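Worksheet: one structure, shown below.
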Protein chains: 4
Amino acid sequence: MSEGKARRDPAGFEAKRREILRAATRAFARKGFTGTRVGDIAKEAGIAYGLIYHYFENKDDILHQLFEQMWGVSLKVIEGIEAQGGSLEDKLRGIAGFFLEAWRLEPDTVEVVMKEVLRSPKFLEADNLDAFRGLFTALEGIFEGHRDELREGTQPKLIAILFLGALEILLTGMVARELLGTDADSIEQSRDALVDTFLRGIARS
Amino acid sequence: MSEGKARRDPAGFEAKRREILRAATRAFARKGFTGTRVGDIAKEAGIAYGLIYHYFENKDDILHQLFEQMWGVSLKVIEGIEAQGGSLEDKLRGIAGFFLEAWRLEPDTVEVVMKEVLRSPKFLEADNLDAFRGLFTALEGIFEGHRDELREGTQPKLIAILFLGALEILLTGMVARELLGTDADSIEQSRDALVDTFLRGIARS
Amino acid sequence: MSEGKARRDPAGFEAKRREILRAATRAFARKGFTGTRVGDIAKEAGIAYGLIYHYFENKDDILHQLFEQMWGVSLKVIEGIEAQGGSLEDKLRGIAGFFLEAWRLEPDTVEVVMKEVLRSPKFLEADNLDAFRGLFTALEGIFEGHRDELREGTQPKLIAILFLGALEILLTGMVARELLGTDADSIEQSRDALVDTFLRGIARS
Amino acid sequence: MSEGKARRDPAGFEAKRREILRAATRAFARKGFTGTRVGDIAKEAGIAYGLIYHYFENKDDILHQLFEQMWGVSLKVIEGIEAQGGSLEDKLRGIAGFFLEAWRLEPDTVEVVMKEVLRSPKFLEADNLDAFRGLFTALEGIFEGHRDELREGTQPKLIAILFLGALEILLTGMVARELLGTDADSIEQSRDALVDTFLRGIARS
DNA sequence: GATGAATGAGCGTTCATTCAT
DNA sequence: CATGAATGAACGCTCATTCAT
């Protein structure tokens, strides 16, 4: 839809697309993806609902682009963290901190992505998993880059999966607004518990 | 549904209910909850359409009962493991092993519960979280029972959450049939990586 | 259904039939005919719902028999009033009084017949109208029997219809429990207004 | 439905709404409200299934709007008659004539309103009665305006109810197409019998 | 007589998407 | 770019009735 057409005002087009995307995010956060009608998004954005289809393929596409956007940023951040160097601990703390902090900055976006993308049955389909795999791979690469600091027998891939699973549940807990505190202190504690546990374990040495 | 009416054959009723539940599980595993029509379940069970509604409130109720059933078993197993005593390591290995093994024994059930219940937006609603909280609490209790073996500052509740998040992603990875191997060996490796990481951490001491 | 079968205990059969009919009347009065499920009637009667079909053809038949019963009584009363002789005024007051009083004695029955039979679209079908026509005819006969007391040009048939229409709306108003009072005094006033209006209007001055 | 959305062509919208309403009226008159499927209305109107729901909340709403429309006109006519002044006899004859004539002009509409609204159990619910009460009140007002021409002890409210009940049964009889003739002469006779009966009955001798 | 499991036709409603204007 | 009227496939659920036991 967005390729091949000569837009008269590409910048304006893009701006409106983002505006609709933001409106959709608010709507999804409020009523969920399924519970939100295309008309609801239009109303939230203050436009006619037919216009949505000038900017997006279909309703799914909106969610998909929302995910892609957040995902792109996430990957860049992780790559940036890796590029910046530093200790494994710093890197893990940076990654965990980024995701947890993201919730504070854009709770709607994170909530929608968590609930409607990551926690959706559809997510487990090959297409979406590919995106997720990029994150796995990036994290796996980090662990491999610090292989000599790891116990023998540690499998970077498996650890990357476990780490992201634990991180995901922290976000889930925050999104649920019940399981975990969402103030700055609580978030810091969660982050540290995650990183420390993975790095050093919980057993009294 | 089950109140007030005197069933002539309660055992037969219950047997049929389970039979339909099994049929539904197969159908859900194949086409997802949403993708499965009530008629599909009936066909799979070899019964008439409307009979479903003699045994279940509605379509949602079927999924809910499936979840309740698995959940009830899970809680009992964990309580059994706790009651049996032993080291913290044994307990964690037992719990992780139970869930991972469950997938081998009843892949359909686990798949449906993972995909359609735990990974569903609706799951984050208060009602369902309550069930989940029982699991958190049980695990938290286990950690607390071994408090003197834990590092200082370890928060049992947070660790319980992290552990279950990591465990959940292993199951998710298995359900996705792509991220993780599902043979006995792979499962054992996953379980050990999980337990070892949490217990001892990954950093070379 | 009720013909041709040799019942072992005709009296007991009839008693139970009436019992179910009463239960159905209560249920219909509470939730309306359409809103009442066959199972509701069974529950109200304390029997299994399948048993209903031993005593009645189907759900419609229950309502029909309820109507027939009330209607039969009504016709007999009117015939009785006519047979008893007396002035036209006495007869009209007797008829109106009977129907209005019936509501006090068996509000559920009257309510159901009014709401579900007389005020039902189906009522206007030929079959049911026949029954009603009996009432018209009887009343028409009464007016004709007093033809010499009526103004010239008075058409007994038309007057009978008008009278019953006015009577019906009084019952409707009582059933609605809002338009008209339902205490003994109010009922008497309604009856007298009806009879007096018609009488002085049609009486040869 | 009509709030919040800026219609490009409100007049066209309204025209189409009325068109569908007319189609629905024809369908209801033919097969009854319950017997008419939404699809039947669409077919009768020559439009697609779902379009009905752009113009009406649901099936009930169609009937309701039909009723409201006829009711609004009726009330205006009565108020007009009252405003016009004249004798009580003229007014009653005008009111009765209007309703009876309406059947000749729009038999479908009157038939549907009579059968499906006034003679429906739902009609006796408070909401609908309120509309009807407007009619009662208006008529009551007319009688009160001519109080000095009435017999002592005449209760305008009761007489209004009786009059409308008698009028209603005339319409019912015409709708049933069996009880009463529907030619111009018969209609006139019915109207006169009604008015004369009431008038001479309640007029101060 | 009595029970309640079994049947399955039937229908209103939603809503993403298209497209004429 | 923008609008909103038009489309129609899709589906869960109810419930009167039957019938084996």
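The values are calculated or read from the model by the stated rules, or taken from the named source; none is laboratory data. Small disclaimer: the values here were computed from a predicted structure and weren't measured. As a convention, Cβ positions derive from the backbone with ideal geometry for all residues, glycine included, and neighbour counts pool all protein chains shown. All accessible areas refer to the heavy atoms of the entire protein, side chains included, with ligands and DNA or RNA removed. Shrake-Rupley method; radii C 1.70, N 1.55, O 1.52, S 1.80 Å.
Here is how the numbers come out for the structure above:
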| item | result |
| --- | --- |
| Qualifying residue in the range C:15-30 (condition: outside any helix (DSSP H, G or I), within 15 Å of DNA strand F (Cβ to nearest atom) and open to solvent by 30 Å² or more (accessible area, probe 1.4 Å)) | no |
| Given (1) within 17 Å of B:M114 (Cβ to Cβ); (2) open to solvent by less than 40 Å² (accessible area, probe 1.4 Å); (3) more than 19 Å from the chain's Cα centre (by Cα), index of the condition B:V38 fails | (1) |
| Qualifying residue in the range C:53-61 (condition: of a type in the set (K, R) and more than 28 Å from C:H146 (Cβ to Cβ)) | yes |
| Criterion (farther than 19 Å from A:M114 by Cα, in a helix (DSSP H, G or I) and open to solvent by 30 Å² or more (accessible area, probe 1.4 Å)) met by exactly one of A:E57, A:E79 | A:E79 |
| Test: residue in the range B:112-125 that is over 26 Å from A:K122 (Cβ atoms) and surrounded by fewer than 20 Cβ atoms within 10 Å (Cβ to Cβ) | no |
| Out of D:L179, D:L135, sole residue that is touching a Gly at 6+ places or on another chain (Cβ under 7 Å) and either of a type outside the set (F, W, Y) or exposed (fewer than 15 other Cβ atoms within 10 Å of the Cβ) (or both) | D:L179 |
| Exclusive hit being at the interface with another protein chain (Cβ under 9 Å from one of its Cβ atoms), farther than 20 Å from C:D90 by Cα and among the aromatic types (F, W, Y), set C:F198, C:F132 | C:F132 |
| Any hit, the range B:154-167, residues being within 16 Å of A:I161 (Cβ to Cβ) and more than 7 Å from every other protein chain (Cβ to nearest Cβ) | yes |
| Filter pass, B:L66 being buried (at least 17 other Cβ atoms within 10 Å of the Cβ) and in the same structural domain as B:L170 (by TED's automatic domain parsing) | yes |
| Meets criteria (of a type outside the set (V, I, T) and within 10 Å of another protein chain (Cβ to nearest Cβ)) for D:E149 | no |
| Tabulated pairs, the range A:174-195, first more than 15 Å from A:D90 (Cα to Cα), second of a type in the set (F, W, Y), C-beta under 6 angstrom, 6+ apart or interchain | A:M174/A:W103 |
| Scan of the range B:144-155 for residues that are under 18 Å from B:A83 (Cα atoms) and open to solvent by less than 80 Å² (accessible area, probe 1.4 Å), ordered by number | B:G145, B:H146 |
| Matching residues in the range C:82-97 - criterion: being in a helix (DSSP H, G or I) and without any contact (Cβ under 8 Å) to a residue 24 or more places away in the chain | C:A83, C:Q84, C:D90, C:G94 |
| Criterion violated by B:L100 - all others in (1) without any contact (Cβ under 8 Å) to a residue 60 or more places away in the chain; (2) away from chain A (no Cβ under 11 Å); (3) open to solvent by less than 20 Å² (accessible area, probe 1.4 Å) satisfied | (1) |
| The range A:49-78 residues that are within 14 Å of chain D (Cβ to nearest Cβ), paired with ones that are in a loop (DSSP other than H, G, I, E, B) and within 11 Å of DNA strand E (Cβ to nearest atom) (beta carbon under 9 Å, 6 or more apart) | A:Y49/A:R37 |
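Conditions (1) facing chain A (nearest Cβ under 7 Å); (2) under 17 Å from the mean Cα position of the chain (by Cα); (3) of a type in the set (F, W, Y), marked per residue:
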{"position": "B:G145", "(1), (2), (3)": "no, no, no"}
{"position": "B:V175", "(1), (2), (3)": "yes, yes, no"}
{"position": "B:L179", "(1), (2), (3)": "yes, no, no"}
{"position": "B:A184", "(1), (2), (3)": "no, no, no"}
{"position": "B:E188", "(1), (2), (3)": "no, no, no"}
{"position": "B:D192", "(1), (2), (3)": "no, no, no"}
{"position": "B:I202", "(1), (2), (3)": "yes, no, no"}
